[in-house]
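One structure below.
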Amino acid sequence: MLKDVRKAWLIAFAFSAFVNVLTFATPLYTLQIFDTVVPLGSLETLAIITAIAAAALLALAALEIARDMILLRASVWLDHELGRHILDNGLKAGSTALELKRDARALEDVQRFMSSPAASITLDAPFTPLFLMALVALNPVIGAVSIGAAILIAGMAVIQYLLTARLQSETAQAHERSAKWWGAIASHGQLAGALGLVSGGSSNWETSNRAHISSAYSLGKRASFVKAMARTIRTGAQIALYGFGAWLVVKNELAPGALVASAILLARALGPLEGLVGSVKSLKSVAAAYSRLKALPEDVVVPGVTDGDSVAVGRLTLQDVTYYHPTRKSPALRGVSLTVDPGECLALVGPNGAGKSTLAAVLAGVVTPTAGSAGLDGVPIAKWQRGDCAPPVGYYSDEPLLLDGTVHENIARFREMSLMAVAQASMRAGVHETLQALQQGYDTPVGPQGGYLALRERRAVALARAVAGAPRIVILDEPEAGLDGASMKRLLAMLIALKADGVGLVIATQDPRLLQLADKVAVLANGALQVHGAAGDVSQNLAARVARHGEAS
């Protein structure tokens, strides 16, 4: 994709060559007016050169429009195609939210630059020597003044970069921190207000934003100073050109027409350089953004998983799995090994904080083990879940994740799925009546993060999604939470039916009613397996431990 955009950029550069050549039409026209038309008084010559200049200007306008359209279409195409690639591959590769945001911001920076005036300035700047050569050809003194001014302005661009590079990075980081805090508070505004976070939250944001404002102010001062100096150099060069030019005209070493043409050429030569001084910030940003995009991996393809013919048998295997949360020093899971065969039910039990939810997340492919392996039929679980086919592992988390859309779309995972298939999944999960009772049924919008639905309704949608698409394994993290007696009966009926269909089950629970379904039990404590085996054996083992503990007491 970036290669295609580079081709578009080269084509635009070629158009810029013609644009800059046609820019000579104005100074050449002026030169001919003073050197030919006025001395000879030839109206025919005036008409001819005017027609030629008009044609050149029309061609110039057409070429500039074509160049801008090339860049605009390339930027829009890149935004659409690469944006999908970033999100699709990022989710498949299990990228963090921060990485995805930075990739998206890099794409936005490149897209914005290509459709901005800075792109045209960057394409025109390489042709500055062409105009300087023309000025030298008109008169060496005029050429020397012009070259000196061009060198000084180019030096201003370098100084701009050196003075603002570090501050620009600090300003961006401070803005990211400030925006992150604002987004966290604003997205949960009503809850934050009810929790008494109004004063403290706004004060904390103000502290973060003050650092951003301070960096931005310092950056703006430096950038403004350098831009003013570059503008002063350009204006001074024009004054110097007229002064030296008038002196040369008085000495009959330069024609009046050449003086006017020199002024036009000088403005055209220094204009892009002065523009570069003001575009240093965007050029630095787009260079860093392009490097980040170039480092992105190509399409994530897992043989036998992403093709349409792949079907999971459904055997989960964990081998010496250890997992650390990003901000923790001690592991959430330590050396966990277990298997779940098709049609088998494994219960995960243990006190709060024992690691049940983390283990369920590993089994569902939500997180990748820090050490060890977690596979489904010998392929990493995360690869199966992030493939192009329907995921073979259905997952019901204790905190349901719903995306802004309808109930139907969330159950279908925003894939193509008929209303009948969605309804069948809901019936299988025992939540059809709950969802059908919503105001618009399966077409009811769930809102951002499912905020339009009650917690019971969000869990109903998440449970139906977990069993949609004929999964081979279903992972349930405390599915009994918040259920009344009737709902609990429907849940048990669903689990019994899934087992009968050969679907493997993993249930993190403390509920005795769900434990009765278990073929195996894994008891966790401090992230490690204390006991693991057949349900009957584990019960006897635990009873023996309790008895020994009582005797010791």
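Only residues that are under 30 Å from the mean Cα position of the chain (by Cα) and buried (at least 24 other Cβ atoms within 10 Å of the Cβ) were counted in region 447-461, giving 2.
Checking each residue in region 361-377 for being in contact (Cβ under 8 Å) with a residue 40 or more places away in the chain and outside any helix (DSSP H, G or I) picks out 364, 367, 368, 369, 370, 371, 372, 373, 374, 375, 376, 377. Among the residues of region 270-291, at least one is aromatic (Phe, Trp, Tyr), under 27 Å from the mean Cα position of the chain (by Cα) and either within 25 Å of residue 111 (Cβ to Cβ) or assigned by TED's automatic domain parsing to the domain that holds residue 27 (or both).
The single residue among 469, 387 that is buried (at least 20 other Cβ atoms within 10 Å of the Cβ) and either assigned to a loop (DSSP other than H, G, I, E, B) or modelled with pLDDT of 90 or more (or both) turns out to be 387. Checking each residue of region 168-188 against the condition of being more than 26 Å from the chain's Cα centre (by Cα) and part of a loop (DSSP other than H, G, I, E, B) gives no match. Reported count of residues in region 205-242, each being surrounded by 15 or more Cβ atoms within 10 Å (Cβ to Cβ), within 30 Å of residue 183 (Cβ to Cβ), of a type in the set (S, T, N, Q) and without any contact (Cβ under 8 Å) to a residue 40 or more places away in the chain, is 2.
Checking every residue in region 427-445 against the condition of being assigned by TED's automatic domain parsing to the domain that holds residue 393 and part of a strand (DSSP E or B) gives at least one match. Would you call residue 253 touching a residue at least 40 places away in the same chain (Cβ under 8 Å) and either assigned to a loop (DSSP other than H, G, I, E, B) or not assigned by TED's automatic domain parsing to the domain that holds residue 148 (or both)? Yes. For region 99-120, the condition of being surrounded by fewer than 14 Cβ atoms within 10 Å (Cβ to Cβ), over 30 Å from residue 365 (Cβ atoms), in the same structural domain as residue 173 (by TED's automatic domain parsing) and in contact (Cβ under 8 Å) with a residue 12 or more places away in the chain holds for at least one residue. Scanning region 278-297 for residues that are closer than 30 Å to residue 94 by Cβ and touching a residue at least 24 places away in the same chain (Cβ under 8 Å) yields 285, 286, 288, 289, 290, 292, 293, 294, 296, 297.
For the structure I just gave you, tell me whether residue 165 is surrounded by fewer than 16 Cβ atoms within 10 Å (Cβ to Cβ) and touching a helix residue (DSSP H, G or I) at 6+ places or on another chain (Cβ under 9 Å). Considered against the rule, which asks whether it is surrounded by fewer than 16 Cβ atoms within 10 Å (Cβ to Cβ) and touching a helix residue (DSSP H, G or I) at 6+ places or on another chain (Cβ under 9 Å), residue 165 comes out as yes. Listed here are the helices (runs of 4 or more DSSP H) enclosed by region 57-149 that have at least 1 residues being farther than 30 Å from residue 294 by Cβ and either charged (D, E, K, R) or in contact with a Phe, Trp or Tyr (Cβ under 9 Å, 6 or more places away or on another chain) (or both): 128-138.
Here is a yes/no grid of residues against (1) over 28 Å from residue 534 (Cα atoms); (2) surrounded by fewer than 18 Cβ atoms within 10 Å (Cβ to Cβ):
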position: 312; (1), (2): no, no
position: 316; (1), (2): no, no
position: 326; (1), (2): yes, yes
position: 335; (1), (2): no, yes
position: 340; (1), (2): no, no
position: 350; (1), (2): no, no
position: 355; (1), (2): no, no
position: 374; (1), (2): no, no
position: 405; (1), (2): yes, yes
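Residues considered: 59, 66. Of these, the only one that is surrounded by 13 or more Cβ atoms within 10 Å (Cβ to Cβ), within 18 Å of residue 114 (Cβ to Cβ), among the aliphatic types (A, V, I, L, M) and modelled with pLDDT of 85 or more is 66. Those residues that are farther than 28 Å from residue 259 by Cβ and of a type in the set (Ser, Thr, Tyr), I need them from region 140-177; list them, please. 161, 164, 169, 171, listed by residue number. Counting only residues that are under 16 Å from residue 180 (Cβ atoms) and at pLDDT 75 or above, region 190-202 holds 2 of them.
The values are calculated or read from the model by the stated rules, or taken from the named source; none is laboratory data. Since we're looking at a predicted model, the values are computed, not measured. Neighbour counts are summed over all protein chains in view; Cβ atoms, including those assigned to glycine, are modelled from backbone coordinates with ideal geometry.
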